[in-house]
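Let me begin by presenting the structure, written as structure tokens, before commenting on it.
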Amino acid sequence: MSPQICLFEDNYFSRFLPLVYFRPVYDLKCGGLSLKEKIQRRYRSPRLALHCRSYLADFVRHRNPRTDVNKFSGGECLFINGRVIADENFVRNVALKGPSDIVYMSGKDVVAARVSEEVLTRWNNKLPEVFSSVDFEGIAKKEVDAVTVKYPWDLIHHNAAQLRADWALLSVPSKGKKISGKISAGVHLINKKNIMIGSGSLVKPGVVIDAENGPVYIGNNVTVLPQSTIIGPVYIGDGSIIRVGAKIYEDTAIGPMCKIGGEVEASIIHGYSNKQHDGFLGHSYLGEWVNLGAGTTNSDLKNNYSSVRVVINGESVDSGSLFVGATIGDHTKTAINTVLNTGTVVGVSCNVFGEGVPPKFIPSFSWGGSGEASAVYDVARAAEVAKRVMSRRKVSFSDVDAALFEKIFELAKSDRRHVDARH
């Protein structure tokens, strides 16, 4: 039997808040696939176990049936850090089979460890909430090249390359046919060999899909309405709708089940989130069930062309990048004509509205957008709205979801302590 792979969360997960309140780090997307999905496909779907923070365990089990969560089967196991972007080089350096009790390091990061049954038993008996380098002390170390993400903007930075890399990993429809959907008269497909359109999808007249500088992947049952332009590399997940006249620029990953309009560039949008109307979204990362009101626009470049600072856990961090847009947590909504400054971070389950430009850090469960003047969004009301929104997409709001809202509300109290952070 092949060794089991276990994806683990380490002590740097908090750098990805608020995006990881509702998910482990390895469920973040980069390119057309999540970090977990890349590892599964690179290692050709071995037996998989998942480690996550304890409060997420029931939710992760719900989304990953028949998968071990926070427990490991006997025998050898290859642990892989959930912040790794797995590529061919990583798989060569960190093979599924090899010597036991060896830790693979990339600088100060533990990126993987192949451990014996003895070590596995020790961890089963006392599982760390999150792993750190201390948990791997006493095990031989080996330096390897590996790509890891350290902050949310790293996911955006790597998105272009990952969209191209994932093109080779995404399954081609049966018989090698890349275009299975219906293409209306008057559609322009540029560099058709780099365009994939899944079954049940419909591309309406006047649409331009330009794959000259990168592939365009359109999943199953996607509708692209007239006069839209899509410039690759781009990924559009199953069941999404691209609105009339939308401009989807390169390095963008969308969906599944999103409704997108206006102008989008170099952004990652998780499933069931909507940006249906005019307005610009650039170099931004949106969680699930986000809704941007009509005219919502974000800045992704400062007027003085200096690197963008972003508030992470109350600390102002220099991203080292000229282009950083908004980071928006799950279940958050913005009012019409909301304007978000460069590097804005909005927590989970917020309602952002009010005059002027909101602060660059908006704590989770906020009602309003004026810093201390914002009210706390009652968790029971937030959960009820989420239930209502999800039911419209025929997604059930379970007891697991309800418990998760309650727990995250408590954890996010620390967000509100950071509301005065200056940047």
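The values are calculated or read from the model by the stated rules, or taken from the named source; none is laboratory data. Bear in mind that the values here come from a model prediction, so they are computed numbers and not experimental data. Don't worry about glycine lacking a Cβ; one is built from the backbone with ideal geometry, like all the others, and counts go over all protein chains shown.
Just a few scattered comments:
- Yes/no for ILE328 being farther than 26 Å from GLY282 by Cα, out of contact with any Ser or Thr (no Cβ under 6 Å at 6 or more places or on another chain), buried (at least 16 other Cβ atoms within 10 Å of the Cβ) and among the aliphatic types (A, V, I, L, M): no
- Wholly enclosed helices (runs of 4 or more DSSP H) of region 78-169 bearing at least 3 residues of a type in the set (Gly, Ala, Ser): 159-169
- Index of the failed condition, HIS157 passing every other in (1) without any contact (Cβ under 8 Å) to a residue 24 or more places away in the chain; (2) surrounded by 18 or more Cβ atoms within 10 Å (Cβ to Cβ): (1)
- Just so you know, in region 310-324 the residues that are closer than 16 Å to ILE156 by Cα and not hydrophobic (A, V, I, L, M, F, W, C) include one that is surrounded by the most Cβ atoms within 10 Å (Cβ to Cβ), and it is SER319.
- Checking each residue in region 101-129 for being farther than 21 Å from ARG42 by Cβ and either hydroxyl-bearing (Ser, Thr, Tyr) or crowded, with 18+ Cβ neighbours inside 10 Å (or both) picks out SER116, VAL119, LEU120, THR121, TRP123.
- Tally of residues being farther than 17 Å from HIS62 by Cα, in contact with a Phe, Trp or Tyr (Cβ under 7 Å, 6 or more places away or on another chain) and either surrounded by fewer than 18 Cβ atoms within 10 Å (Cβ to Cβ) or not assigned by TED's automatic domain parsing to the domain that holds ASN337 (or both) across region 369-390: 3
- Candidates SER316, SER321, SER306: the one that is part of a strand (DSSP E or B) and of a type in the set (Ser, Thr, Tyr) is SER316.
- ILE183 closer than 27 Å to ALA161 by Cβ and out of contact with any helix residue (DSSP H, G or I) (no Cβ under 7 Å at 6 or more places or on another chain): no
- Restricting attention to region 333-365, the residues that are without any contact (Cβ under 8 Å) to a residue 60 or more places away in the chain, over 17 Å from ALA294 (Cβ atoms) and aliphatic (A, V, I, L, M) add up to 2.
- GLY354, sole failed condition from (1) surrounded by 19 or more Cβ atoms within 10 Å (Cβ to Cβ); (2) over 19 Å from the mean Cα position of the chain (by Cα); (3) at positive phi: (1)
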